[in-house]
Amino acid sequence: MEITLVLIKPGGVSRSLIGEITKRIEARDLKVVGLKLMNAPRATVEEHYAEHKERPFFASVCDYLTSGPVVAIAVSGVNATKAIRAMMGATNPLDAAPGTVRGDLALTIDDNLTHSSSDPEAAARELALWFPEGTV
Ligand code: CDP
Ligand code: MG
């Protein structure tokens, strides 16, 4: 059993896709063990994306993540990280397969609706950041 992090980015929240995305997670028999709507502090977002600090899109992705509320979801299940990554689809929605969240619901890389942890180590680090109080 593994716990992983999903963020519904501000574009997903403003497009009223909280239910749609959460429905897909639950339909896969993954369990929600933490869930909150929040305005993410800039410092949290910058730490979250620290691996991308030197990349040209770092400032814009941090601007995006702080442009409105996000939903942070902790998800538990067997191989949850890999399962969720596959469900969300490729980073660029143009490359994301139909049937994935990004392939079905997104069109551009700068508004690709969700974040999901890339591996279990990243998941542990990100869960500590977004759910310092722990999961349920
Ligand atoms: O989110 P994911 O792990 O699939 O992709 P990433 O390579 O870790 O990049 C993090 C986020 O930065 C992406 O989800 C995009 O929102 C953003 N990004 C971007 O705006 N432009 C790029 N060329 C690459 C990433
Ligand atoms: Mg990533």
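Test of understanding: among 118, 67, which residue is touching a residue at least 24 places away in the same chain (Cβ under 8 Å), surrounded by fewer than 20 Cβ atoms within 10 Å (Cβ to Cβ) and either farther than 14 Å from residue 11 by Cβ or of a type outside the set (Gly, Ala, Ser) (or both)?
It is 118.
From the list 97, 123, 86, which one is among the small types (Gly, Ala, Ser) and either more than 15 Å from ligand 2 (Cβ to nearest atom) or over 24 Å from residue 1 (Cα atoms) (or both)?
Just a single option satisfies the conditions, and that option is 97.
Name every residue in region 25-73 that is hydrophobic (A, V, I, L, M, F, W, C) and over 24 Å from residue 86 (Cα atoms), in order of residue number.
38, 40, 43, 59 - these are the residues of region 25-73 that are hydrophobic (A, V, I, L, M, F, W, C) and over 24 Å from residue 86 (Cα atoms).
From 110, 104, which residue is of a type outside the set (A, V, I, L, M, F, W, C), within 20 Å of residue 17 (Cα to Cα) and within 14 Å of the chain's Cα centre (by Cα)?
On the way: 104 fails: within 14 Å of the chain's Cα centre (by Cα).
Going through 110, 104 in turn, the sole match is 110.
Have a look at 97, 123, 128, 90 and point out the one that is assigned to a loop (DSSP other than H, G, I, E, B), of a type in the set (Gly, Ala, Ser) and either more than 10 Å from ligand 1 (Cβ to nearest atom) or surrounded by 20 or more Cβ atoms within 10 Å (Cβ to Cβ) (or both).
97
Counting only residues that are among the acidic types (Asp, Glu) and not in a helix (DSSP H, G or I), how many does region 16-50 have?
Residues flagged as among the acidic types (Asp, Glu) and not in a helix (DSSP H, G or I) within region 16-50 amount to 1.
Take the residues in region 100-110 that are of a type outside the set (A, V, I, L, M) and crowded, with 16+ Cβ neighbours inside 10 Å, then tell me which one is nearest to ligand 1 (Cβ to nearest atom). Talk me through it step by step, then tell me what you get.
The first filter runs over region 100-110 and keeps only residues of a type outside the set (A, V, I, L, M), leaving 100, 102-104, 108, 110.
Filter again for crowded, with 16+ Cβ neighbours inside 10 Å, leaving 100, 102-103.
On the way: 100: 11, 102: 8, 103: 13 Å.
Looking at the filtered set, the residue picked out is 102.
Only the coordinates and a few stated rules stand behind these numbers; no lab work does. Keep in mind that what you see is a predicted model, and the values were worked out from it rather than measured. Counting neighbours? That spans all protein chains shown, and the Cβs are built from the backbone with ideal geometry, glycine included.
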